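The values are calculated or read from the model by the stated rules, or taken from the named source; none is laboratory data. Quick caveat, the model's predicted, so the values are computed rather than measured. Using ideal geometry, Cβ is built from the backbone for each residue, glycine included, and neighbour counts are taken over all protein chains shown. Ligands, DNA and RNA are excluded from the accessible area calculation, which covers all protein heavy atoms including side chains. Shrake-Rupley method; radii C 1.70, N 1.55, O 1.52, S 1.80 Å.
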There are 2 protein chains.
Amino acid sequence: MHEINKQSGTAFKIKKGQKLKVVDPEGEQVSDMVLFNAKDRREKLSSGKTMDFEESILLTTKNFLWSNRSQKMLEILEDTNGRNDFLLAPCSPETFEIMYNYDGYHPSCFENLYTSLEPFNIQPDDIPNAFNIFMNVQFDEKGKLSVDPPLSKAGDYVLFEAKMDLIIGLTACSAEDSNNGTFKPIHYEVLD
Amino acid sequence: MHEINKQSGTAFKIKKGQKLKVVDPEGEQVSDMVLFNAKDRREKLSSGKTMDFEESILLTTKNFLWSNRSQKMLEILEDTNGRNDFLLAPCSPETFEIMYNYDGYHPSCFENLYTSLEPFNIQPDDIPNAFNIFMNVQFDEKGKLSVDPPLSKAGDYVLFEAKMDLIIGLTACSAEDSNNGTFKPIHYEVLD
């Protein structure tokens, strides 16, 4: 089991057929995930294709995550928490300026994703909308969005299976609103 | 006033400060719109940034459309219909295969966008999630999505103001479910 320290990120490859387990070890923490085809990085995770083909804003067990080329990238095999979405972009320096009125440097998922993915020749502009694992974005019937503390308890996990060879970027979220004002690690494991 | 013929698309530039009026001339028709910074095409429309900064799934008067670099691209000045979103990807050949079980060639917004944008050196992989103007995507409290006939009446329009110089791709939607099984034109006008 690997640990992603609080407010940081990582990137790694997995092969088609391998499984990825993303764990919230302490509870109430969010992980942002982005995906790229390991053989052609211009094929990547698409929030629009995924919500379209899965006909749902919320994604859980039995749903697939799709690429911009309409191919399956990951399947969700198990999900002990059950709330994950694509609604909000990875937190970025501008998130803290615009949404938090925060002055000065603040770690962010966006920076943690693009710095982790740089060795794979992936640039900041290439980062797609992330899959927000364990994130608790609430919406009302008028579409108004709010971010509530995650519902995940210590040990909750999502288990994915790769449907193609992938480069994966993964974070332990840096934003106060996403994780009830605390910063915690995320654990992950790649299984054959 | 320009006409986009049924099941087709177009692309054009507008300058910062110019206005774009997108009109549904007959009612119950959808238009997919994508945006690129005219000075650097790697900056483009971001559904995630827009829903994040506007805190809403549905976007209407006074909302902004934001880029992947957290910059404002368009402001919605007027919206006589009031239902527009980013939820579903532009219809593509795979949409008709996977969602409609349709066999053979079918025109699609995705093809119409990338062929129209090719002269601006924009490739299919560069097409972001589109802003779905007049589209009536319904969602329930569990996030389940369905596409209903548009609520737009003949003459309904959305008026935008450009916050930067833009390349715009715009379609008259090709998908049966989006426009109540009919195919109709979309009109647009660029105003100083």
If you keep only loop residues by DSSP, which trypsin sites (Lys or Arg not before Pro) in segment A:91-168 have at most 16 other Cβ atoms within 10 Å of their Cβ?
A:Lys142
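Within segment B:91-192, report the chymotrypsin sites (Phe, Trp or Tyr not before Pro) that DSSP leaves as loop and that have at most 15 other Cβ atoms within 10 Å.
B:Tyr100, B:Tyr102, B:Tyr105
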Where the protein assembly as shown is the region considered: accessible area per residue in Å², 1.4 Å probe:
39
Please give, to one decimal in nm, the separation of the simple spin-label points placed at B:Asn180 and A:Lys21, each 7 Å out from Cα toward the Cβ.
5.2
If you place +1 on the Cβ of every Lys and Arg and -1 on the Cβ of every Asp and Glu, how big does the dipole about the Cα centre of segment A:67-192 come out, in debye to the nearest 20?
220
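Quote the FRET efficiency, to the nearest 0.05, computed for A:Ala154 versus B:Arg42 with a Förster distance R0 of 56 Å and r equal to the Cβ-Cβ distance. Don't skip to the end; give the middle numbers.
Details: r = 41 Å, r/R0 = 0.72.
That pair, A:Ala154 with B:Arg42, gives E of 0.85.
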How much accessible surface does B:Val147 have with a 1.4 Å probe, in Å² rounded to 10?
50
Cβ-vector label at 7 Å, A:Pro149, separations to other copies in nm:
4.7
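Using the Cβ atoms and a cut-off under 14 Å, what net charge is assigned to the surroundings of A:Glu28, where Lys and Arg are +1 and Asp and Glu are -1? Mind dumping the intermediate values first?
Values: positive: A:Lys6, A:Arg83, A:Lys153, A:Lys184; negative: A:Asp24, A:Glu26, A:Asp148, A:Asp156, A:Glu176, A:Asp177.
Once all neighbours under 14 Å are counted, the net charge is -2.
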Can you run the Rg to Rh ratio on chain B? Use alpha carbon positions and the Kirkwood inverse-distance Rh.
0.93
If you put a point 7 Å past Cα along the Cβ direction, how far is that point for B:Gln18 from the same point in each other copy, in nm, smallest first?
4.9
How big is the A-B contact in terms of buried accessible area, both chains counted, 1.4 Å probe, rounded to the nearest 100 Å²?
3200
Using a 1.4 angstrom probe on the protein heavy atoms only, could you order A:Met1, B:Met51, B:Met164, A:Met99 from most to least accessible area?
A:Met1, A:Met99, B:Met164, B:Met51
State the percentage of accessible surface on segment B:2-191 attributable to carbon and sulfur atoms; use a 1.4 Å probe and exclude ligands, DNA and RNA.
44
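What does the charge add up to near A:Asn81, with Lys and Arg as +1, Asp and Glu as -1, over the other residues with Cβ less than 11 Å from its Cβ? The partial results should precede the final answer.
Working: positive: A:Arg83, A:Lys153; negative: A:Asp24, A:Glu28, A:Glu78, A:Asp79, A:Asp156.
Net charge around A:Asn81: -3.
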Under-5 Å amide H pairs with B:Tyr102, H placed in peptide plane, nonlocal only
B:Glu97
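What FRET efficiency comes out for the pair A:Lys144/B:Val190, r = Cβ-Cβ distance, R0 = 45 Å, nearest 0.05?
About 0.90, to the nearest 0.05.
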Using a 1.4 Å probe, how large is the accessible area of A:Val23, given in Å² and rounded to the nearest 10?
20
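GluC sites (Glu not before Pro) within segment B:91-192: which are DSSP loop residues with at most 15 other Cβ atoms inside 10 Å? Before the final figure, lay out the partial values.
On the way: sites: B:Glu94, B:Glu97, B:Glu111, B:Glu141, B:Glu161, B:Glu176, B:Glu189; in loops: B:Glu141.
Listed in order of number, the matching sites are B:Glu141.
Would you mind working out the magnitude of the charge dipole of the protein assembly as shown relative to its Cα centre, with +1 at each Lys and Arg C-beta and -1 at each Asp and Glu C-beta, to the nearest 20 Debye? Mind showing how you got there, number by number?
Details: 40 positive and 62 negative charges, 148 e Å.
That gives the protein assembly as shown a dipole magnitude of about 720 debye.
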If labels are modelled 7 Å from Cα along the Cβ direction, A:Gly82 lies from its partners in the other copies at nm distances, smallest first, of 3.4
What distance in nm separates the simple spin-label points at A:Asp103 and A:Phe120, each placed 7 Å from Cα in the Cβ direction?
3.8
